[in-house]
Each structure stands twice: as C-alpha cells, then as structure tokens.
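> First the structure, then my questions, so here it is.
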Amino acid sequence: MQMGNQKRCRLCRSSALRTFYNISDVYLGDHFAASPSESLNSPCADVSVFVCERCFHVQQPDVVKPDLVWKKYTYRSGMALGMKAHLQDLKQSISKFMQGVVPSAVLDIGSNDGTFLSLFDAQRSRVLGVDPAPQIGMQANERGIPTISGLWGKAQASAVINLIGKPDLITAFNVFGHMEDLEDFIAGVSMCLGPEGVFVFECQYLLDVIDKTLAPTFFHEHVSHHHLLALDNFFSRFGLELADAFHADIQNGAVVGFVRWRASLPKTSRLTRLIEIERVFQETLLEEGLFERNVARTIEKIERSLEAHARAIGKTRSDLVIVGFGASRSASVIMRLIPILGKAYCIFDENQRINGFFYPGSRLRITDDLKVLDSADIIINLAWSHAEPIVERLIEQFGGERKLILNPFPYIDNFCEV
Ligand SMILES: [Zn+2]
C-alpha cells in the first residue's frame, strides 16, 4: 500500500526524526464506492507523523502511491467555498508585493481547474498551469487555460521555459504540503524563476494545526506541515529566501510566503514578527505526546456533547440520528477518531459526482437530499477545512434547541463558545 520510506528529513536531510503523532488504518477518502462491501475493501494506510530534531519540520515520511491519490482526485478550486474570492485576494497581495508590475509570464503549480490563472489578463501575461490530476488539467485546457499534466519537479522546468519563457511569477497554493520530494520541487522552481521573479506559496500553517488541534490535516495527502523558519533555511540551499509572509484566515489558518533570489530585498517586519513567534513555538514541537493528548481531549469533549444532547432531547445515545456534512477527503480521519460516525445515517454532500456512492471504509451513503439535514439530531461537519462558514450556514438553516451542530476539529458547536 505504501511506498518509499524516506529515512531523512525532507527539508534538511537530518536522520534525527522523532515521532510526533500516529493514526492507524485511515481510508483514502477519494475512493468512493458503489456498494458498502466495495467501500469496506477500499484502500487504507497508516499515518505516521515525525518532527525533525534539527530543523523542526513536521512530516509524514511514508507516501501513498501518487496514482492512488491523483487519478481519483475530485477537488476543484472553483467549486470550493469562498476559494475564488480568496484567490482574488491573493492576486491583489501579489500585485502589491510586486509593486504593481504585471508579470509577463505566470506559472501556477498545482493549478487545478485553472481558477487562479483565469484571473490574469491573457493579453498581458502568458500563463501556464501544471497539475498532477489529469482529468482536471484536461478541463482547464478546455476552458482555455494551458495546463500540463504531471507532478512538478526539475524535469518540467525546461518545458515551462519553452512554452512561456522564464516566469516572473511562480505560484503554488495548497500543494506545498503534498509534495514528497520538496528538493526536486524547489530545484524546479529555481531552474525557471526569472532573475527578478517571485515565488509565492500558500500552505496550511503548522502553528494553527497545533493550536487548534487540527487532527484531520494528518492524512495521506499531506506529507509536510510547514512553518516559515524551517522553510527559509531550506530555500537558502537553492539561493532563494523568504522576503515576506503573512497569516491568512482561510481553511483554519494558512501562511502565504513570498520568496525571491537571496539578498534581493530585506525581510519585511511582518515576516520577522512571525519568525520570532515561531522560535518560541519550536520548543514545544519536541514535547512527546503533546498533540495526541490534545486530540484525546477534543474527542472527550465531543463524547460529552453527544451524551448531553441525547439527554436534552430525551433520546438514548444509540437512538440519535447523526448525519455527516461534506464527504471531504480527510473525513476518513474524523471517522477513524470518532467511531460513532460509523453508525451515522448518511453523509450529506451537494457534489453530484459522488451522489449515491458510499464513503470509503464505511456503510455511509452520500446524498444531496436536504431532508436528511432537517431530520438529523446531530449534524457533524466533516468538511472541517471550511469549518467556520459551514457551521455558520448550518446554524442559520437548521440550528435550534433540538439539533446539535458540531465541528470536531477545531471544536465548534452551536451551544458552546469555542
Ligand atoms: Zn530537518
């Protein structure tokens, strides 16, 4: 099931890796099945997370075969809640960083359905996307966004230069955490980035993962969990350095970093402040079992909420009608951590492509019938990376005395303060 067993830190090559967190038998959340028996036989993998004692990079050395992840990949950035508006904001931040200079060539790595590249004026900027999911890349091409298929690395750098020249803007949003070979990834960036170019990445921020106990972020697709100090040291090996970064309030907390050729600009004060916070935070990363204890505390809290709600509506725990909301790819981690979800009635999801299928590793059918949300005693949000907007929407539409709306990680419910 698993391949490769990288013994060294993905960023600094140190072999001093210490266990950070483990979860066993997590199903691959994109393998929706036509029947419960097929679903229970779908692929699963252990998730083992380590922290490097030298550079403090948090990582999962075991990698699931890319074919298993990307061939069935269903996420489309244009579809995700609030994502287009967020990409527009990012474009504005980039334009500010580039002091209004319009890039003549833009490469977006992990370009998905081309939503970000479609924001550029084709008359002024040559654009090119690279994406590992072949079907989604094909759709982007049909929409007129030139996209090449494959995992990004050195091998693709010369193709990029042939097609659009050396890009003065390279972006990688929400892909940086997925890459097994980050050395090859950044080597590829450094081979084609123009002399005045900027590389901009956005990824989930490790400080938020730990602060908010975001356990479902540790699943087979996320192999690296980033913070800026470790990354800046890593970039310096390629002649690059972080020039600016800011914290973004999306998907439970992300960080956006701006990278240029070394010594081209001093670091901004907001980046320096983030790095100072990280220096203090790094010490806690080596504290054994810390994250596991926080996960256990959250699970206890969820159990207490379920009990209290059953009492409040005069039902026994086993009579509760539970409905999952959002068949997200990492919901399989939540289902693994909260066993009562296995006895849920179904999972509600509006995505027509998976309607009628069964969630991997479960007997839970996926439906877009709004009535199931109406009749549920408890709605548990499984699309946790969009926790706040989803929970707000669920409370507005379905909330009330008799219905518990609960987001497990980070813990939010409609009756208690977070
Ligand atoms: Zn390291």
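Bear in mind that the values in this text are calculations on the coordinates, not laboratory data. Being a predicted model, the structure only gives us computed values, none of them experimental. When we count neighbours, we look across all protein chains shown, and the Cβ atoms used for this are built from the backbone with ideal geometry, even at glycine.
> So if we plug the beta-carbon distance of Ala122 and Met191 into 1/(1 + (r/R0)^6) with R0 = 30 Å, what FRET efficiency do we get, rounded to 0.05?
Efficiency at R0 = 30 Å is approximately 0.75.
> Something else now. How high is the relative contact order of region 304-413? Use alpha-carbon pairs under 8 Å, at least six apart in sequence, and give a whole percent.
In percent, rounded to a whole number, it is 26.
> Ratio of region 266-358's C-alpha Rg to 2.2 N^0.38 Å, to two decimals?
Numbers: Rg = 19.9 Å, N = 93, 2.2 N^0.38 = 12.3 Å.
Taking N as the residue count of region 266-358, the ratio is 1.61.
> Between Ser37 and Asp368, what's the calculated FRET efficiency when r is the beta-carbon distance and R0 is 25 Å? Round to 0.05.
E(calc), rounded to 0.05, equals 0.60.
> Of Lys84/Lys301; Lys96/Lys166; Lys166/Lys267; Lys212/Lys371; Lys91/Lys267; Lys212/Lys343, which sit over 29 Å apart, Cα to Cα?
Lys84/Lys301; Lys212/Lys371
> Please work out the Cα convex hull volume for region 304-413 and give it in Å³ per residue. Kindly include the intermediate steps, with their values, before the conclusion.
Details: hull volume 10.3 nm³, N = 110.
Residue-normalised Cα hull volume stands at 94 Å³.
> Filter the chain for me: DSSP H helices, axial length by Cα at least 15 angstrom, mean Kyte-Doolittle hydropathy not below -0.5. List them by residue number.
Correct list, ordered by number: 154-164, 182-192, 269-285, 387-398.
> Considering all alpha-carbon pairs of region 4-63, what whole percent are spaced by more than 17 angstrom?
I get 48 percent for the Cα pairs in region 4-63 exceeding 17 Å.
> Here's something else I'd like to know. For region 189-319, count the residues as N, evaluate 2.2 N^0.38 Å, and divide the Cα radius of gyration by that value, please.
Rg over 2.2 N^0.38 Å, computed on Cα atoms: 1.42.
> At 7 Å along the Cα-to-beta-carbon direction for both Asp184 and Lys96, put a label point, then send me their distance in nm to one decimal.
Each label point is offset 7 Å from its Cα along the Cβ direction, giving 3.7 nm.
> Diagonalise the Cα gyration tensor of the chain and give the resulting equivalent ellipsoid semi-axes, square root of 5 times each eigenvalue, largest first, whole Å. Let's see the in-between values first.
Numbers: eigenvalues 268, 116, 84 Å².
Three semi-axes, in Å: 37, 24, 21.
> Ok, one more. Hey, how many Å between the Cα centroid of region 194-247 and the Cα centroid of region 125-184?
19 Å
> OK, next. Could you list, by residue number, the cysteines of the chain that have no other cysteine's beta carbon within less than 4.7 Å of their beta carbon?
Cys44, Cys192, Cys203, Cys346, Cys416 - these cysteines have no disulfide-compatible partner (Cβ-Cβ under 4.7 Å) in the chain.
> Moving on to the next point. What net charge do the residues around Arg54 carry, taking every other residue with its C-beta under 11 Å from that of Arg54, with Lys and Arg at +1 and Asp and Glu at -1? All intermediate terms of the calculation are to be shown ahead of the outcome.
Working: positive: Arg8, Arg13, Arg18; negative: Glu53.
That works out to +2.
> So if R0 is 25 Å, what FRET efficiency would Arg317 and Asp25 give, r being the distance between their Cβ atoms, rounded to the nearest 0.05?
Taking R0 as 25 Å, the efficiency between Arg317 and Asp25 is 0.55.
> Could you put His220, His247 in order, starting from the residue whose Cβ has the fewest other Cβ atoms within 10 Å?
Going from least to most buried by this count: His247, His220.
> Where does the chain land at 222 nm, in deg cm²/dmol rounded to the nearest 500, when only DSSP H runs of n ≥ 4 count, each adding -39500 (n - 2.57), divided by all residues?
-9500 deg cm²/dmol
> Kirkwood hydrodynamic radius of region 231-390 from all distinct Cα pairs, in Å?
Kirkwood radius, region 231-390: 19.2 Å.
> Can you check what the net charge comes to around Thr147, using other residues whose Cβ is under 10 Å from the Cβ of Thr147 (Lys, Arg +1; Asp, Glu -1)?
Numbers: positive: Arg143; negative: Asp108, Asp113, Asp131, Glu142.
Combined, the nearby Lys, Arg, Asp and Glu give -3.
> Using the Cβ atoms and a cut-off under 14 Å, what net charge is assigned to the surroundings of Pro339, where Lys and Arg are +1 and Asp and Glu are -1? Intermediate results must be reported in sequence, preceding the final value.
Working: positive: Arg317, Arg336, Lys343, Arg363; negative: Asp25, Glu300, Glu303.
With Lys, Arg at +1 and Asp, Glu at -1, the net is +1.
> Something else: If I take every Cα pair under 8 Å that is 6 or more residues apart in the chain, average their sequence separation and divide by the length, what percent do I get for the relative contact order?
Values: 830 pairs, mean separation 65.4, N = 418.
Relative contact order of the chain: 16 percent.
> Give me the percent of DSSP beta bridges within region 304-413 that run antiparallel, rounded to the nearest 5. Don't skip to the end; give the middle numbers.
Working: 4 of 16 bridges.
That works out to approximately 25 percent antiparallel.
> Moving to a separate point now. Do you know the relative contact order of region 110-154, to the nearest whole percent, from alpha carbon pairs under 8 angstrom that are 6+ apart?
Relative contact order here is 42 percent.
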